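A.B. asks: Handing you a structure now.
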Amino acid sequence: MSSIGRPDPSVPFADLANASPNRNMDKIPPIPFMRKARPYLILAPALLLTIGILIPFFISIYYSLTNYSFKYKDYSFVGLENWTKMLTDPSFWHSVWVTLQYAFFSTGTEMLLGIGVALMLNQDTRLAKALRIVLIFPLMIAPVIATLIWQLMTNNSVGVIAHALRSIGINNFLWGAAPKTAMFSVVLIDVWVNTPFVIVLVLAGLRSLPKAPFESAMVDGGSAWFTFKTLTLPMIKPLLLIALLFRVMISLQEFSIIFALTRGGPGDTLMSLPLTAYNEAFTYKELGAALPYMLILWVFIYILSYYLIRYWSRAQKNASGS
Amino acid sequence: MGNTNPIAKILKNSALLLYALFALFPLFWMLLISFKHDREMFNTIFVFNPTLENYRVLFSTGEYIGYFMNNVFVSVGAVLLSLAVGVPAAYALARFDFRGKEDLAFTFLSFRFAPEMLVILPLFLIYQKIGLYDTAFGLIWVFQLISLPFIIWILRGYFEDISPEIEHAARVDGYSWWRVFLKINMPLIKPGMVAAALLSFIFVWNNFTFTLLLAGQGVVTTTVASLKYISSDTVHYGQMAAAVTIAALPEVLLALLIQKHLVRGLSMGAVKG
């Protein structure tokens with residue numbers, strides 16, 4: 001038995017495997033190699049399945065260095081040409097700006113609105129209890145379906161919002177069709193779909209808060225805003241960061257809402273990085289030129305998520321430690 | 001929170017109602033006009049003769065039923081495949097300690113944040129080469145990027161909640177590792193598993209970009225089909241509303257079933273609500 005080695009406390013059953021043989025156990029204790037390999041073996045199917053999808057991901061780095069086009073059979077290695085072309089193209093910087101604007105406005109609105117609504121839902125009234133259940137519905141709707149719904153609502157001939165706007169004298173609100181209101185329109189749809197995500201998370205945080213500090217704050221006569229700022233906010237910070245992390249990461253690569261509403265238009269108003277990559281690859285058929293747009297977005301998302309996750313785990317330690 | 005000021009309370013509740021109107025009215029209105037005849041679409045708003053005409057036309061060709069069934073097939077397929085490989089993976093990540101564990105776990109999580117378009121561009125090429133373009137299996141495979149992170153991360157948390165002592169005790173009683181997994185662990189994580197499966201089903205069902213670009217005419221789903229209604233010249237708003245209602249209905253119903261697990265599910269286990 002000594003060859004099995006010391007029981008490893010981190011491995012369940014390791015101590016059992018080394019237990020005295022008169023215990024009613026499997027007759028042969030698992031050999032060390034098998035025990036070490038077991039987690040990897042159990043994980044293998046999941047890994048294989050996703051590696052199959054990820055190989056193309058690495059191939060895409062290679063293709064970004066070629067002039068691969070869906071129009072021709074042959075392609076050749078062109079080095080960093082696609083990359084330098086992209087970085088010196090003013091429309092690339094426009095795309096970056098559109099992408100950041102979209103992420104900033106949608107995530108920002110969703111966080112503020114979500115926190116506000118969660119605070120209002122956190123009371124024991126019948127209204128709040130009923131709304132807690134139904135307010136998540138928009139989150140379950142596919143973004144492209146949500147876009148369709150809003151398109152119908154704002155449709156000039158049948159839309160109920162268009163009707164309402166006309167009745168108060170606004171006839172020329174063009175939503176996605178005008179450069180001035182296009183960004184507002186797509187952000188509005190994103191906010192409609194995703195605010196419930198923030199609400200659900202923040203509300204869970206609010207409901208798990210300890211009662212005592214808030215009662216003593218009330219006895220001390222602190223204002224509602226003061227209590228919120230000094231007690232509530234620091235305590236739900238880890239939750240807010242999780243909500244922020246998810247929303248930023250996903251809004252930076254949003255494709256379906258913009259595509260369904262305007263296809264990046266009018267003109268190039270809403271040409272974010274994913275829309276530009278789509279255009280390069282599927283309108284102009286230039287795969288090699290399209291890839292750098294997505295690779296650079298991925299690097300940006302990766303770095304951002306790395307720091308946000310680190311910041312979150314520190315905030316979580318602080319929140320639970322104090 | 002104890003806010004006793006009655007004016008503040010009224011303001012609070014009216015603000016809440018205002019948001020509820022914003023969130024729920026579009027769904028209500030969609031349902032409403034799906035029962036409105038095209039004749040009445042332009043000259044009525046709320047009062048009209050309800051009709052099932054839109055639904056009848058939608059289902060008369062069998063085309064839309066086909067899209068719907070495609071959606072069901074690829075979504076169920078993707079979730080089942082994710083469960084088959086994800087449940088053991090979640091267990092391994094919760095129970096065993098091994099080198100590279102956290103890195104592996106984060107690799108799975110990072111799929112949730114990988115830009116879809118970046119995955120699609122090379123896959124578009126490769127799927128056509130290996131014959132997976134426009135096939136149900138091709139979609140089911142790429143959907144693993146959506147459903148697998150959910151299954152693994154949510155269930156990992158549920159497995160971690162089960163005390164290893166229970167497993168030890170069963171092992172001492174002579175049950176094999178596999179039987180302990182099936183008879184003790186599985187019943188304990190079942191509620192979490194159902195919730196994770198339903199939630200990932202919703203997100204796979206909702207996916208638009210993968211289906212739009214990695215499938216052609218062979219596997220059209222309701223999300224992609226709905227685009228047709230926008231671009232077609234003769235716009236049948238009522239039918240469009242009926243199509244939208246049917247595409248959105250399963251998700252709303254499923255959402256009601258997983259209320260209790262929603263926080264944990266949506267945050268992928270990061271928040272144990």
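A.B. asks: Which of the residues that make up the stretch A:187-202 are farther than 21 Å from B:R264 by Cα and within 13 Å of chain B (Cβ to nearest Cβ)?
C.D. replies: Scanning the stretch A:187-202 gives A:L188, A:I189, A:V191, A:W192.
A.B. asks: For the condition surrounded by fewer than 16 Cβ atoms within 10 Å (Cβ to Cβ), within 30 Å of A:N122 (Cβ to Cβ), at pLDDT 90 or above and within 24 Å of the chain's Cα centre (by Cα), what is the one hit in B:L24, B:L18, B:L80?
C.D. replies: B:L24
A.B. asks: Quick check on the stretch A:213-231: of everything there that is closer than 19 Å to A:N318 by Cα and out of contact with any helix residue (DSSP H, G or I) (no Cβ under 7 Å at 6 or more places or on another chain), which residue is surrounded by the most Cβ atoms within 10 Å (Cβ to Cβ)?
C.D. replies: By that ranking, first place goes to A:F228.
A.B. asks: Condition test on A:S76, is it small (G, A, S), surrounded by fewer than 20 Cβ atoms within 10 Å (Cβ to Cβ), modelled with pLDDT under 90 and in contact with a strand residue (DSSP E or B) (Cβ under 8 Å, 6 or more places away or on another chain)?
C.D. replies: Against the criterion (small (G, A, S), surrounded by fewer than 20 Cβ atoms within 10 Å (Cβ to Cβ), modelled with pLDDT under 90 and in contact with a strand residue (DSSP E or B) (Cβ under 8 Å, 6 or more places away or on another chain)), A:S76 qualifies.
A.B. asks: Something else now. Among the listed residues A:A204, A:A224, identify the single one that is at pLDDT below 85 and either in contact with a strand residue (DSSP E or B) (Cβ under 7 Å, 6 or more places away or on another chain) or more than 24 Å from B:E40 (Cα to Cα) (or both).
C.D. replies: Among A:A204, A:A224, only A:A224 is at pLDDT below 85 and either in contact with a strand residue (DSSP E or B) (Cβ under 7 Å, 6 or more places away or on another chain) or more than 24 Å from B:E40 (Cα to Cα) (or both).
A.B. asks: Can you name the residue in the stretch A:203-250 that is of a type in the set (V, I, T) and within 26 Å of A:I136 (Cβ to Cβ) and is also nearest to the other protein chains (Cβ to nearest Cβ) among such residues?
C.D. replies: A:I242
A.B. asks: Related question: Filter the stretch A:145-186 down to the residues that are more than 12 Å from chain B (Cβ to nearest Cβ) and in contact with a Pro (Cβ under 8 Å, 6 or more places away or on another chain) and list them by number.
C.D. replies: Selection gives A:A177, A:A178, A:P179, A:A182.
A.B. asks: Let me ask something else. I'm told B:M117 meets every condition in (1) part of a helix (DSSP H, G or I); (2) free of Cβ contacts under 8 Å to residues at least 12 places away in the same chain except one. Can you identify the failing condition by its number?
C.D. replies: Status for B:M117: all satisfied but (2).
A.B. asks: Considering each of A:P56, A:P21 in turn, give the residue that is over 34 Å from the mean Cα position of the chain (by Cα), modelled with pLDDT under 90 and not assigned by TED's automatic domain parsing to the domain that holds A:A182.
C.D. replies: From the options A:P56, A:P21, the qualifying one is A:P21.
A.B. asks: For the stretch B:181-193, state whether one or more residues are buried (at least 20 other Cβ atoms within 10 Å of the Cβ) and facing chain A (nearest Cβ under 10 Å).
C.D. replies: No, the conditions are met nowhere in the stretch B:181-193.
A.B. asks: So, one more: Which one of these does A:F70 not meet: (1) closer than 26 Å to A:D268 by Cβ; (2) assigned by TED's automatic domain parsing to the domain that holds A:Y284; (3) not in a helix (DSSP H, G or I)?
C.D. replies: The failed condition is (2).
A.B. asks: Quick check: anything in the stretch A:255-276 over 21 Å from A:Q101 (Cβ atoms), within 8 Å of chain B (Cβ to nearest Cβ) and at pLDDT 85 or above?
C.D. replies: no
A.B. asks: On to the next question. How about the stretch B:1-28: which of its residues are part of a helix (DSSP H, G or I), out of contact with any Phe, Trp or Tyr (no Cβ under 9 Å at 6 or more places or on another chain) and not aliphatic (A, V, I, L, M)?
C.D. replies: B:P6, B:K9, B:K12, B:N13, B:S14, B:Y19, B:F25, B:F28 - these are the residues of the stretch B:1-28 that are part of a helix (DSSP H, G or I), out of contact with any Phe, Trp or Tyr (no Cβ under 9 Å at 6 or more places or on another chain) and not aliphatic (A, V, I, L, M).
A.B. asks: Which residues, taken from the stretch A:91-147, are surrounded by fewer than 16 Cβ atoms within 10 Å (Cβ to Cβ) and either hydroxyl-bearing (S, T, Y) or not assigned by TED's automatic domain parsing to the domain that holds A:F228 (or both)?
C.D. replies: A:S91, A:T125
A.B. asks: Related question: Can you find a residue in the stretch B:129-142 that is out of contact with any Phe, Trp or Tyr (no Cβ under 7 Å at 6 or more places or on another chain), surrounded by fewer than 19 Cβ atoms within 10 Å (Cβ to Cβ), without any contact (Cβ under 8 Å) to a residue 40 or more places away in the chain and among the polar types (S, T, N, Q)?
C.D. replies: No, every residue in the stretch B:129-142 fails to be out of contact with any Phe, Trp or Tyr (no Cβ under 7 Å at 6 or more places or on another chain), surrounded by fewer than 19 Cβ atoms within 10 Å (Cβ to Cβ), without any contact (Cβ under 8 Å) to a residue 40 or more places away in the chain and among the polar types (S, T, N, Q).
A.B. asks: Ok, one more. Looking at A:L270, A:L275, which one is touching a Gly at 6+ places or on another chain (Cβ under 7 Å) and in a loop (DSSP other than H, G, I, E, B)?
C.D. replies: A:L270
The values are calculated or read from the model by the stated rules, or taken from the named source; none is laboratory data. The structure displayed is predicted, hence computed values, not measured ones. With ideal geometry, Cβ positions are generated from the backbone for all residues, glycine too; neighbour counts draw on all protein chains shown.
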